[in-house]
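**Q** Sharing a structure here in structure tokens format.
Laboratory data are not the source of any read-out in this text; all were calculated from the coordinates shown. What you are looking at is a predicted structure, and each value in this text was computed from that prediction instead of being measured. Here the Cβ is made from the backbone with ideal geometry for all residues, glycine too, and neighbour counts use every protein chain on show.
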Amino acid sequence: MKIMVRDAPPRSIWALEQAGIHPLLAQLYAARGVQNPQELDDALAKLLPPASMLGAADAARLLADAIRDDKKLCIVADYDCDGATACAVGLRGLRLLGARHVDYIVPDRVQDGYGLTPPISERVKASGADVLITVDNGIASFDGVARARELGLQVLVTDHHLPALRNGRIELPDADVIVNPNQPGCAFESKAIAGVGVMFYVLLALRAELRQRGIFDAQNQPKLDTLLPLVALGTVADVVRLDTNNRRLVAQGLKRVRAQALPAGLAALFVAASREARSATTFDFGFALGPRINAAGRLSDMTLGIECLLTDDAGRALELAKALDAINRERRDIEGSMREQALLVAESLFEDAAEAPPAICVFDANFHEGVAGIVAARLKDKFHRPSFVFASSGASGHTHELKGSGRSIPGFHLRDALDLVAKRYPGVLLRFGGHAMAAGCTLNVDQLDTFEQGLSEVAQEWLDAATLTRRLDTDGALKPEYRRPDLVDTLHHEVWGQGFAAPTFSEELEVVSQRLVADKHLSLKLKHRGEPVDGIWFGRTEPLPSRVTLAFRLDVDSWRGERRVRFLVEAAEL
């Protein structure tokens, strides 16, 4: 592990400090590319305008006409937290804006696979709907969109995934309207917006269209900001890059959560996760609430998660949140056993991480496809290699197929790698899609060896020693005067996440004593600038030398009524 220190341009630090920002925050922001205080203004008025998102105005007209004509709308959701929150935002928002007939269908991960398929389009038509709206999916659903159009449905695709590549060219489904900032010709600056954010922007455009038609005015229009807690949850949980616009969406959502202005289901999830909404953080969204919603889509039926986010009945919300919590516990158990098996398979291929192949592919007939992505992420973290985990497809009629979830490392664009494999080995991939850091694919079981060979070839060509060197970017040494509980609270209050990493400091520390806790965590007594401080390294069992450079985050621990700063160790440079 190579521990690096981020560069924080002095001019940016100075500009931020002159605007009254605390010196530590100024340093942290500057190191993350913030150059002036205007970028930190999270006011709603500073959000990018909906008009700049290609297709949003057309979507608004389509939906406004549908509301005027009392048409039936059906949202086709996705089965992760982004899809669930996007569905809830769409339903709640459309009802606020006057739609009287809005329902949803959520595919089953095992039975239906991913995206809008022809059978799902047929289910939408059978439900009596006139308009089909996708959220967080659809941009690569050529057959599903075509079938929906054949059946006479109007189709609005809202998505944020990368469009499909066919024969080296970007192709789009033949929908009535597509809203996706990653489609060709879209000038919307925030290409990293989540699916829930795209749906929120469609609603903003729809409200503007209804104002233009005289349905609402600025005084009596519905307040769509009530949806922002859900937008914030989906944005953080989908691990999209927190660019300036995404940070504003998340900050606005957090403000409302902390002020207790949140849906009943979200409040219940905080209770089920033993978290406090009044002091909510992005960490709560990403590691407490998001996984509980995701677990429903992985192991059960995402309808549970969506219903939790839709209900306004506090009692019903708590009941659903507890059910989601139980499913998440089951997910953790399955993931744990799968991870152990996957590590055994991977470790049987090489002596240590340094000898790992350029890309890792693992399959076991007993793997559950719902947690394959999580296990792939664990393999990627352990071996610092692009990693795919395959499970047998449970989809009806497709028992000969394998579904794979992959996770990548910086510098290796996973979706592009799959595209190159598909070109070099025609027919090996039945379906694929995703992003730079996460992607999925489906293949016939007899093609697994060919896929593994193809992916390894691409990885061998694209990965070099620098890319394969595990590195951790940090914010350098922590001044002793900043080691205060109130300042840690301030840091936790800010918006951190993918592409805008939470503060991590690094410096050489003295290890006074160390012991194992629960046989799997290293509890530490450290000296920081000559003063004692507690530390813990979760998941670490090997002892540390008496002096060592550590990377650590800051936490506050309470002991007998006293709040003390604790170091959460992330890595050591040994």
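**Q** Go through the stretch 515-574 and name the trypsin sites (Lys or Arg not before Pro) that are in a DSSP coil and have 16 or fewer other Cβ atoms within 10 Å of their Cβ.
**A** Of the trypsin sites (Lys or Arg not before Pro), the ones in loops of the stretch 515-574 whose Cβ has at most 16 other Cβ atoms within 10 Å are Lys520, Arg529, Arg560.
**Q** Among the chymotrypsin sites (Phe, Trp or Tyr not before Pro) within the stretch 465-569, which fall in a DSSP loop and have no more than 12 other Cβ atoms within 10 Å of their own Cβ?
**A** Qualifying residues, ordered by number: none.
**Q** OK, next. What's the whole-number percent of alpha carbon pairs in the chain lying beyond 38 angstrom?
**A** When every Cα pair of the chain is considered, 32 percent fall beyond 38 Å.
**Q** Provide the three semi-axes, in whole Å and in decreasing order, of the ellipsoid equivalent to the stretch 475-573 as defined by the square roots of 5 times the Cα gyration tensor eigenvalues.
**A** Its equivalent ellipsoid spans semi-axes of 21, 16, 14 Å.
**Q** Please identify the helices of the chain, taking whole runs of DSSP H, that span at least 20 Å along their own axis as judged from the Cα atoms and have a mean Kyte-Doolittle score of -1.0 or higher.
**A** Result, helices passing both filters: 81-96, 195-212, 314-347, 448-462.
**Q** How high is the relative contact order of the stretch 232-337, given as a whole-number percent (alpha carbon pairs under 8 Å, six or more residues apart)?
**A** 30 percent
**Q** Then there's this: Whole-Hz ³J(HN,Hα) for each residue in the stretch 173-178, computed from phi via Karplus 6.51 cos²θ - 1.76 cosθ + 1.60 with θ = phi - 60°, x for glycine and proline: what do you get?
**A** Result, rounded to whole Hz: x, 8, 8, 5, 9, 10.
**Q** Quick check on the chain: of the DSSP beta bridges with both residues there, what percent are antiparallel, nearest 5%?
**A** Looking only at bridges with both residues in the chain, the antiparallel portion is about 65 percent.
**Q** Could you pull out the pairs from Lys403/Lys423; Lys382/Lys527; Lys380/Lys403 whose alpha carbons sit more than 25 Å apart here?
**A** Correct reply: Lys382/Lys527.
**Q** Taking Cα centroids, how far is the stretch 304-362 from the stretch 407-430 in Å?
**A** Cα centres, the stretch 304-362 to the stretch 407-430: 24 Å.
**Q** Using only Cα atoms, what is the ratio of the radius of gyration of the stretch 44-223 to 2.2 N^0.38 Å?
**A** 0.97
**Q** Next question, about the same structure. Using the per-residue mean of other Cβ atoms lying within 10 Å as a proxy for protection, in what order, highest first, do the peptides 162-175, 59-72 fall?
**A** Per-residue Cβ counts within 10 Å, averaged per peptide and sorted highest first, yield 59-72, 162-175.
**Q** May I pose another question? How big, in percent, is the set of alpha carbon pairs in the stretch 349-468 lying more than 24 Å apart?
**A** Of the Cα pairs, 18 percent sit more than 24 Å apart.
**Q** Here's something else I'd like to know. Please list 253-264, 367-378 highest first by mean number of surrounding beta-carbon atoms within 10 Å per residue.
**A** Final packing ranking: 367-378, 253-264.
**Q** Rounding to the nearest 20 debye, state how big the charge dipole of the stretch 349-468 is about its Cα centre with +1 on each Lys and Arg Cβ and -1 on each Asp and Glu Cβ.
**A** 440 debye
**Q** Next up: Net charge near Asp519, counting Lys/Arg +1 and Asp/Glu -1 over other residues with Cβ under 15 Å of its Cβ?
**A** Value of the local net charge: +2.
**Q** Positive end of the dipole of the stretch 349-468, charges at C-beta (+1 Lys, Arg; -1 Asp, Glu), about the Cα centre: which of His435, Thr450, Val389 has its Cα farthest in that direction?
**A** His435
**Q** Now for a different question. Cross-chain or 8 or more residues apart, Cα under 18 Å: how many lysine pairs in the stretch 44-223 fit that? Count them up, please.
**A** Lysine pairs, 8 or more places apart or on different chains, close enough: 4.
**Q** On to the next question. Where does each of 220-229, 302-311 land if you order them by average Cβ count within 10 Å, highest first?
**A** Highest mean packing first, the order is 302-311, 220-229.
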